[in-house]
Amino acid sequence: MGDPRKQKKKYVTPKRPFDSDRFHQELELIGTYGLRNKRELWRHRTELSQYRRQARNLLAISEAERALRERELVEKLVRTGVITGEPTLDSVLDLTLGDLLGRRLQTIVFRKGYACSIHHARQLVTHGHIALGKARVTTPSRIIKVLEEDQIEYTGNSPLGDESHPARIAASDAARRIAEGPPPEAAIDESDDRGRRRRSGDRRRR
């Protein structure tokens, strides 16, 4: 069994370490959810695979045997907000990694408008500016239950508790811009700018 005092690896590494498609997918998820490294991503992926493995094992047994265990698994995922649709084993099998990453404390802090960006949200959590039920939480990867979302706030001694704090104002402005979405003109100008940079780069290479 090993020494229980020693930490055990909580993730499974990919079977194909040099897969370019997986590289791009992992980098996109890391940037979108502000993860620290790929090990953090692999840990959540392993957790998701365990849920899906439990669902597959339950589907292989009779309905009378799986009734209680199925309800426990589904209710757990519903409490954490990972499942938002119909709570069945099929919905567990349809889960994606984004469904689990969206329930991280770091992600919810950003979505609630407490931070200017997903990376700023991680900084706030690790520096002790975020509390959950009046208790300071410094773990960005913590999975937040649905009932805990309304308990997320700034800590009592955090300077960000002041609504006039510049970072607080910037976070509110960022949340408003995300809610409104970028104007069509900005998207067109951005694409045209990228095209101009690409054409100028081609001329320089010639």
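The values are calculated or read from the model by the stated rules, or taken from the named source; none is laboratory data. Bear in mind the structure is a predicted one, so any value in this text is a computation, not a measurement. So basically every Cβ, Gly included, is an ideal-geometry build from the backbone, and we count neighbours across all protein chains shown.
For the range 42-77, what are the residues that are within 17 Å of residue 11 (Cβ to Cβ), among the basic types (Lys, Arg) and in contact (Cβ under 8 Å) with a residue 12 or more places away in the chain? Even if it seems obvious, please write down each step before you answer.
To start, the set of residues in the range 42-77 that are within 17 Å of residue 11 (Cβ to Cβ) comprises 42-53.
If we keep only those that are among the basic types (Lys, Arg) as well, we get 43, 45, 52-53.
If the condition is that a residue be within 17 Å of residue 11 (Cβ to Cβ), among the basic types (Lys, Arg) and in contact (Cβ under 8 Å) with a residue 12 or more places away in the chain, then 43, 45, 52 are the ones that fit.
Quick check on the range 19-30. Is at least one of its residues in a helix (DSSP H, G or I), surrounded by fewer than 10 Cβ atoms within 10 Å (Cβ to Cβ) and either hydroxyl-bearing (Ser, Thr, Tyr) or modelled with pLDDT under 90 (or both)?
Yes, because at least one residue in the range 19-30 is in a helix (DSSP H, G or I), surrounded by fewer than 10 Cβ atoms within 10 Å (Cβ to Cβ) and either hydroxyl-bearing (Ser, Thr, Tyr) or modelled with pLDDT under 90 (or both).
(1) surrounded by 17 or more Cβ atoms within 10 Å (Cβ to Cβ); (2) part of a loop (DSSP other than H, G, I, E, B): which one isn't true of residue 9, the others all being true?
(1)
Please work out which residue is farthest from residue 177 (Cα to Cα), limiting yourself to the range 137-152 and to residues that are free of Cβ contacts under 8 Å to residues at least 24 places away in the same chain and not polar (S, T, N, Q). Full working, then the answer.
In the first step, residues of the range 137-152 are kept if they are free of Cβ contacts under 8 Å to residues at least 24 places away in the same chain; the result is 138, 148, 150-151.
Imposing the further condition that a residue be not polar (S, T, N, Q) reduces the set to 148, 150.
On the way: 148: 26, 150: 22 Å.
Of everything passing the filter in the range 137-152, 148 is farthest from residue 177 (Cα to Cα).
Of 14, 87, which residue is of a type outside the set (A, V, I, L, M), part of a loop (DSSP other than H, G, I, E, B) and over 30 Å from residue 126 (Cα atoms)?
Details: 14 fails: over 30 Å from residue 126 (Cα atoms).
So the residue among 14, 87 that is of a type outside the set (A, V, I, L, M), part of a loop (DSSP other than H, G, I, E, B) and over 30 Å from residue 126 (Cα atoms) is 87.
Quick grid of which residues meet (1) under 22 Å from residue 177 (Cβ atoms); (2) in contact with an Asp or Glu (Cβ under 8 Å, 6 or more places away or on another chain); (3) acidic (Asp, Glu); (4) not assigned by TED's automatic domain parsing to the domain that holds residue 33:
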| position | (1), (2), (3), (4) |
| --- | --- |
| 72 | no, no, yes, no |
| 78 | no, no, no, no |
| 89 | no, yes, no, no |
| 93 | no, no, no, no |
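Counting only residues that are in contact (Cβ under 8 Å) with a residue 24 or more places away in the chain and either over 13 Å from the mean Cα position of the chain (by Cα) or crowded, with 18+ Cβ neighbours inside 10 Å (or both), how many does the range 118-136 have? Let's see the steps before the verdict.
Residues of the range 118-136 in contact (Cβ under 8 Å) with a residue 24 or more places away in the chain: 118-122, 124, 128-132.
Okay, now just the ones that are also either over 13 Å from the mean Cα position of the chain (by Cα) or crowded, with 18+ Cβ neighbours inside 10 Å (or both), so 118, 120-122, 124, 128-132.
Counting residues in the range 118-136 that are in contact (Cβ under 8 Å) with a residue 24 or more places away in the chain and either over 13 Å from the mean Cα position of the chain (by Cα) or crowded, with 18+ Cβ neighbours inside 10 Å (or both) gives 10.
Given the residues 67, 55, 115, which is the only one that is aliphatic (A, V, I, L, M) and surrounded by fewer than 17 Cβ atoms within 10 Å (Cβ to Cβ)?
Going through 67, 55, 115 in turn, just one is aliphatic (A, V, I, L, M) and surrounded by fewer than 17 Cβ atoms within 10 Å (Cβ to Cβ): 67.
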